[in-house]
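*Asks:* The structure that follows is given in the form of structure tokens.
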Amino acid sequence: MEEVYILSLDIGTSTIRSVIYNARTEIVGNAFNQVVLHYPEPGYVEIDPEELWVSITDAVKKSLQDASLSAGQITAMGISTQRSTFITWSRKNGQPFHRFCTWKDLRADKLVKEWNNSYTWKFIKVGAYILHMVSRSKRFKAGSVFKFSNNQTTLRLFWALNNVQSLKTAVESGDAMFGTLDTWLLYKLTGNKLHMTDVSSASATGFFDPFTMQWASWAMSIFGIPMSALPEVVDTAGDHFTSTEPDIFGCAIPIRCCIADQTASMWGSCCFEAGAAKLTLGTGTFCNVNTGRAPHAALAGLYPVLGWRLGPELVYAVEGANNDTATLIKWAQSIDLFDNPADTADIAMSVSDTDGVYFVPAFSGLGPPYNDCTAGTGFVGIKPSTSKAHLVRAVLEALAFRTLQLVNCVRSETAYSLHTIRVDGGVANNEFVAQLVSDLTGLRVERAAHVEMSSLGCAHIVGLHLGIFKSKDEIISLRKIGKVFIPRAHVKKSYEYTFSRWEDAVKRLCGWYTETKTQNVCDNVINNKMAEQNGGYSK
């Protein structure tokens, strides 16, 4: 019987990975390239589409070479991508009107604040609250507490529609096309034929209604987003994705899946049942819980997203996120706190505590439960006795503390009793962080044998669609756990005071930046330093 090969293409914020799996989900070919981020102005975080396209095609070709395979031997491919990063381009000639505006971009921060505080939006939320009281509909409950944020697409797209002249002209003439990264990539891979996105990526934009499963008409009306420019929203897997153009890789490769990276990692971690939880410690930290067929109406800043839609199977997830994780590790390396990120666990454990030093990790603001994009980053409590080891330990402890807060938000807002959490992402390899997360949350932490779950999850979906895997149970049987971390009650007890003092430090730095430009200048300096780094942890 001819061997089956699935190519999984994962485009994260830091890294492009092309991984080729066989029918037993064993890796037979692997290649990666770095994503080059551009910072043309303070607060702007962009990706050049041409640079990205070259890097993507190069990664795929290198993975084929690594596996000693040709494109014609690939049974099918799947794609997982970072979410909420978008671009617009011309329907006539395919040329972009601007670079990708990434989910970490802060150019719309002023608009976010203005809209969240506007009388118009407050009136809409009050109306939604009244409708919820009358109908008890979760949709209106979600609307009554909805807040705009920088990592949603909505207000960054609104900014582009009002500030990019070529895009404004194209909208007027009907020539504009919009897409998140997955949409643009499908368009390019299929020779400008497809204009599609799957439900998981659409739901992360902020203007796709997860309750009605349609682009939100209120957003079209308020922000002037042209419906004609939006892609068709389709199932996560299917033949509708067609195939790559033959001349790109030498032979057409069938595309059978397109999914957002965080929900792809839920598949890689086999979080198939309601209440199953996974934690990705990559570029950012993402805590996702499968909520089954019911979208979650958030109160504390958690966000309801669509996990996937496979024919009649529609699965939702609730998500809490912290935007800075691996970025903090890279920054700490850039200022010479250590030479190799792999050494940080040993460095942290070389001292018994942080000597009273606390670190607030807020380069991109703070997510739940603070939801404060004006928070500052910094060390608090440095003294003459402070060493580099104390600073390194303070950084790693802060990552675990923020993870604890996300898990606590999930616990307070959902009815699920969490006992185990499955962890992936580059920072999950850090023994100190993984164990401390287990200790503080009281959860059994299962770390996969290979921590890049988005690629694996994408391959799972492709294999299930093609009938390579007969069921999810078969996929579960192939899951490989690398290490299990068991919570230590005495460690959690010993950290009670430390965590309380860290929360005090965070409160001092919340609202630190009264002027957005000041924050953005700091981010720009930091990001440019990190862009020079090639090693370290990445998603």
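The values are calculated or read from the model by the stated rules, or taken from the named source; none is laboratory data. This is a predicted model, so every value here is computed, not measured. Virtual Cβ from ideal backbone geometry, glycine too; neighbours counted across all protein chains shown. Side chains are part of the model used for accessible areas, which takes the heavy atoms of the whole protein and leaves out ligands, DNA and RNA. Shrake-Rupley method; radii C 1.70, N 1.55, O 1.52, S 1.80 Å.
*Asks:* What FRET efficiency, computed as 1/(1 + (r/R0)^6) with R0 = 45 Å and r the Cβ-Cβ distance, is obtained for residue 350 and residue 36, rounded to the nearest 0.05?
*Replies:* 0.80
*Asks:* Right, another one. Tell me, what is the per residue accessible area of segment 1-88 in Å², probe radius 1.4 Å?
*Replies:* Averaged over the residues of segment 1-88, the accessible area is 35 Å².
*Asks:* Would you mind working out the accessible area per residue for segment 279-438, using a 1.4 Å probe, and quoting it in Å²?
*Replies:* 30 Å²
*Asks:* Counting other Cβ atoms within 10 Å, keep those with at most 14, restrict to DSSP loop, and tell me which GluC sites (Glu not before Pro) in segment 42-126 are left.
*Replies:* Within segment 42-126, no GluC sites (Glu not before Pro) qualify (loop, at most 14 other Cβ atoms within 10 Å).
*Asks:* Measuring with a 1.4 Å probe in the full set of protein chains, what accessible area per residue, in whole Å², belongs to segment 212-256?
*Replies:* With the other protein chains kept in place, segment 212-256 gives 42 Å² per residue.
*Asks:* Computing the accessible area with a 1.4 Å probe over protein heavy atoms, can you report the carbon and sulfur percentage for the chain?
*Replies:* Result for the chain: 53 percent of the exposed heavy-atom area is carbon or sulfur.
*Asks:* Rounded to the nearest 500, what is the chain's calculated 222 nm mean residue ellipticity when only DSSP H runs of at least 4 contribute -39500 (n - 2.57) each, over all residues?
*Replies:* So the helix-based figure for the chain works out to -11500 deg cm²/dmol.
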